[in-house]
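Presented below is the structure to which this report refers.
The numbers here are math on the coordinates, done by the rules we state, and not lab data. None of the values given here were measured: they were computed from a predicted structure. All Cβ positions, even for glycine, are placed from backbone atoms using ideal geometry, and neighbour counts span all protein chains on display.
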Amino acid sequence: MQGDWCFVAGTTGADPVTRTFPDSVLDQARNALATIRRVLEAEGFSLSDVVRANYVITDPSYVEAIIPALSETFGEIRPAAMMVVAGLVNPAMKIEIEVTALRG
């Protein structure tokens, strides 16, 4: 956090209890977004404060698969976004998400 800004570093989709990665990219996206929500709220921000989201997926076919998680999380919130297809450091990881939020 820096003043009215909150920068949430790349967050992957490990299950918060087992610390394992679900096979489903949708489940990984939901886990990552839930973690991001908790971090934002712990710092006094909300999802409605998110102004930028960056997504890294490991397969282009995952774009369609993660849309339900993005819709559930952001609804009418429309942060500027970028999605990149790239490898991640652990082969079990299918998605990584980072966000920037601005309070106010």
>> Per DSSP helix of 4 or more residues, -39500 (n - 2.57); summed, then divided by the residues of the chain. What does that give at 222 nm, rounded to the nearest 500?
In response: -10000 deg cm²/dmol
>> Spelling out what I want: for every residue of segment 5-17, take phi, set θ = phi - 60°, compute 6.51 cos²θ - 1.76 cosθ + 1.60 (Karplus), and round to whole Hz; glycine and proline get x.
In response: 9, 10, 10, 9, 4, x, 10, 9, x, 5, 5, x, 8
> Residues with beta-carbon under 14 Å from that of residue 65, excluding residue 65: net charge, scoring Lys, Arg +1 and Asp, Glu -1?
Replying inline: -3
> Which of these, 74, 45, 21, has the largest mean-square fluctuation under a Gaussian network model of the chain (Cα springs below 10 Å)?
Replying inline: 74
>> Relative contact order for the chain: what percent, with Cα pairs under 8 Å and sequence separation of 6 or more?
In response: 43 percent
> Over all pairs of distinct alpha carbons, what does the Kirkwood formula give as the hydrodynamic radius of the chain, in Å?
Replying inline: 13.7 Å
